[in-house]
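See below for the structure under consideration.
The values are calculated or read from the model by the stated rules, or taken from the named source; none is laboratory data. Just so it is clear, the model here is predicted, and its values are computed rather than measured. Quick reminder, even Gly has a Cβ in these numbers, built from the backbone with ideal geometry, and neighbours come from all protein chains shown. For accessibility, only protein heavy atoms count, side chains too; no ligands or nucleic acids. Shrake-Rupley method; radii C 1.70, N 1.55, O 1.52, S 1.80 Å.
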Amino acid sequence: MTEPLQLVVISLVVLLSGISKSGFAGALGAFSVPLLLMVLEPKDAVALMLPILIVADVFSLKSYWKQWNVAELKRLLPGTLLGIALATIFLQEVSEFWLTIVIALMSIGFALKSIAANKQPEQGLRFFSQRVLAIGTSTMAGISTTLIHAGGPPLMIYFNARRVAPAAYIATVAVLFALMNAVKLVTFTASGLLQLEHFLLAVCFTPIALIGNRLGVILAKTLPRQQFLSLMNWLLLILGLALVIIPIRLYICSI
């Protein structure tokens, strides 16, 4: 993992992760693994991404310390842990391809409805109770982050619908991601997927992660709340489309 092109791509991914975590609640994170796959083997790409995310988590938590919404954490944490547990237990039975497609279609549908209707997102989800929405999206986030490293879209659906203030939105998601990544750290290490070289390489890119963190914080503070929520809906749409295109392309290439 020392080729010049690899170092450039890893640097880009680290910078993107820092900006994404502290500026857009991890919305850009789903693009990271596909980028790494351009220069690394799949196992190395997945393994390296975890310590990179953990470094970004540390900076995000520091930047938004105690700004998280405790009530929202209490609603979302049980479902998140349930999703991780279900994904771990039924790892072999769940199709990563179809899970990705389902999450992508949910994201696209919600984003299009919110953008086209030009009204408060929660009106589009009024048939769900707050508790059902929290349990459903957080469980899906736990499952998807364990299997395909895409826990962001389900959480974005929830927080976009709840219209949480930007700082609390980003801080609360940062706490959830940090907890999810801590659990994955244990499982990845126990399975042998995560090696010492992945940790050391991620640490070397810490300064770039810090730069990304500061850029993300500046962007989040610059945007007014309504523009932030509108941007998050557009990012959710783009992310949903990417999650449809990437697995279909990989499937076609494998035939």
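Some observations on this one:
- A 1.4 Å probe, protein heavy atoms only, puts the accessible area of residue 3 near 110 Å².
- Counted by Cβ distance under 14 Å from residue 64, the other residues give a net charge of +3, where Lys and Arg count +1 and Asp and Glu count -1.
- Filter on 43/66; 66/184; 21/43; 62/184; 43/113; 43/221 - keep pairs with C-alpha separation over 31 Å: 43/66; 43/113; 43/221
- Karplus 3J(HN,Hα) series, Hz, for the range 232-244 with 6.51 cos²θ - 1.76 cosθ + 1.60 (x for Gly, Pro): 5, 5, 5, 5, 4, 5, 4, 5, x, 4, 5, 5, 7
- Within-15-Å neighbourhood charge of residue 19 [Cβ basis; K, R +1; D, E -1]: +2
- Cβ-derived FRET efficiency at R0 30 Å, residue 62 paired with residue 12, nearest 0.05: 0.85
- Between residue 90 and residue 70, residue separation times 0.36 nm minus the direct Cα-Cα distance comes to 4.2 nm.
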